[in-house]
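Take a look at the structure set out below.
The values are calculated or read from the model by the stated rules, or taken from the named source; none is laboratory data. What you see is a predicted model; the values in this text were computed from it and never measured. Please note: Cβ atoms are built from the backbone with ideal geometry, for glycine as well, and neighbour counts cover all protein chains shown.
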């Protein structure tokens, strides 16, 4: 995990201060949900499900570097970042949980700055996430099957058109070939009839 480091040097006294910051919110969220990176389809493909306690933990770490006046606002910032990464909070999208935060549903947790999550709650969140991921996987497979069926149908139509074209071409060539054969036969017959006449002349 990358951590920002700022070094301030006093050129006169040669003294320096080292300020070690905190990782970006996205990296802190990734760590909490054990993910390498955010989702490529965040509105559908969910990669994690944070408890509010975990959101508060991150908000406390990043509050001083955010343009916010209180921890509640910092919590909402973290929720927004999680949403853009494909991470749910309390099994909800940002658009659904932010009204709950505004309504004061999590005020007790936020004011107490609780950051510890029970294993039972984590299990429930992970179970819900698994269902969401399974539903998305089924949707992707369904779309893939529909695309393959359309491609197969298109290929079959193209093949049928090609066969129909070949039959038409063969049908058109047949009369011409027959006429040529008849003309050839007539020519041979004329030659045969001409032979006796030539013999008599001799």
Return yes when residue 96 is assigned to a helix (DSSP H, G or I), over 28 Å from residue 41 (Cβ atoms) and either modelled with pLDDT of 95 or more or more than 29 Å from the chain's Cα centre (by Cα) (or both) and no when it is not.
no
Just to check your reading of the model, which residue among 84, 30 is surrounded by 13 or more Cβ atoms within 10 Å (Cβ to Cβ), part of a helix (DSSP H, G or I), touching a strand residue (DSSP E or B) at 6+ places or on another chain (Cβ under 9 Å) and touching a residue at least 12 places away in the same chain (Cβ under 8 Å)?
30
Filter result for residue 89 (surrounded by 20 or more Cβ atoms within 10 Å (Cβ to Cβ), more than 17 Å from residue 127 (Cα to Cα), touching a helix residue (DSSP H, G or I) at 6+ places or on another chain (Cβ under 6 Å) and free of Cβ contacts under 8 Å to residues at least 60 places away in the same chain)
no
Which residue, of 124, 120, 146, is exposed (fewer than 10 other Cβ atoms within 10 Å of the Cβ), within 30 Å of residue 39 (Cα to Cα) and either at pLDDT 85 or above or touching a strand residue (DSSP E or B) at 6+ places or on another chain (Cβ under 8 Å) (or both)?
120
The range 33-43, residues that are in contact with a helix residue (DSSP H, G or I) (Cβ under 7 Å, 6 or more places away or on another chain) and buried (at least 16 other Cβ atoms within 10 Å of the Cβ)
38, 39, 42
Among 46, 57, 72, which is the only one that is surrounded by 17 or more Cβ atoms within 10 Å (Cβ to Cβ) and under 20 Å from the mean Cα position of the chain (by Cα)?
46
